Amino acid sequence: MKRGTIAAISAAIIVVVSILAWSLVQLHIPERAPEPETYGSTVIDDWGRSVTLEKKPERIVSLAPVNTEILFALGLGENVVGVTEFCTYPPEAETIEKVGGMRTVSVEKVIALNPDLVLALNLNGEEAVDTLDDYFPVLVIDQQKVTSIEDIFTRIALSLIHISEPTRPY
């Protein structure tokens, strides 16, 4: 197969998976994310790191398209202040500040956005995640540990609501 054909097929697959993920998420969500009673709870992310949200995240940076789509599906699109150049769905995501690619995150751009929470994927790389974690809470979802889009949705949704003690939210 020619390189151009492979690239076109890959792009088509990404678009189809994104649309299917968005459709699936729309079937399982309330109008708005549930409001937690309190914050200050701690969850354990897929890398085994403790992530504590001291307050409701009002400024969120998403470092993966699936995270961005789920945040919008949860009704939190207005809180997303930074996304990767690959975050193009829903269409509103295209107008949000770009912070680089999934493997080429501009740590400086993320820091300049001063988020309350960074939602990362293992593909973003340990160095970028560790550096950002020095400044902000970073929740990492490891795509090798999830079984479906619903699994990612559940991890993000449960991480954003109150949990009384350190635990895995899924």
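The values are calculated or read from the model by the stated rules, or taken from the named source; none is laboratory data. Here the structure is a predicted model, which is why all the values come from computation and not from measurement. Positions of Cβ are backbone-derived with ideal geometry, glycine not excepted, and every protein chain shown enters the neighbour counts. These area figures cover heavy atoms from the full protein model, side chains too; ligands, DNA and RNA do not enter into them. Shrake-Rupley method; radii C 1.70, N 1.55, O 1.52, S 1.80 Å.
Among the conditions (1) modelled with pLDDT of 90 or more; (2) over 23 Å from Ser148 (Cα atoms), Thr38 misses just one, which is (1). Residues considered: Val66, Val80. Of these, the only one that is touching a residue at least 40 places away in the same chain (Cβ under 8 Å) and in contact with a strand residue (DSSP E or B) (Cβ under 9 Å, 6 or more places away or on another chain) is Val66. Considering the stretch 99-120, the residues that are in contact with a helix residue (DSSP H, G or I) (Cβ under 8 Å, 6 or more places away or on another chain) and open to solvent by 10 Å² or more (accessible area, probe 1.4 Å) include one that is farthest from Asp45 (Cα to Cα), namely Gly100.
Only residues that are modelled with pLDDT of 90 or more, of a type outside the set (Val, Ile, Thr) and open to solvent by less than 10 Å² (accessible area, probe 1.4 Å) were counted across the stretch 70-89, and they come to 3.
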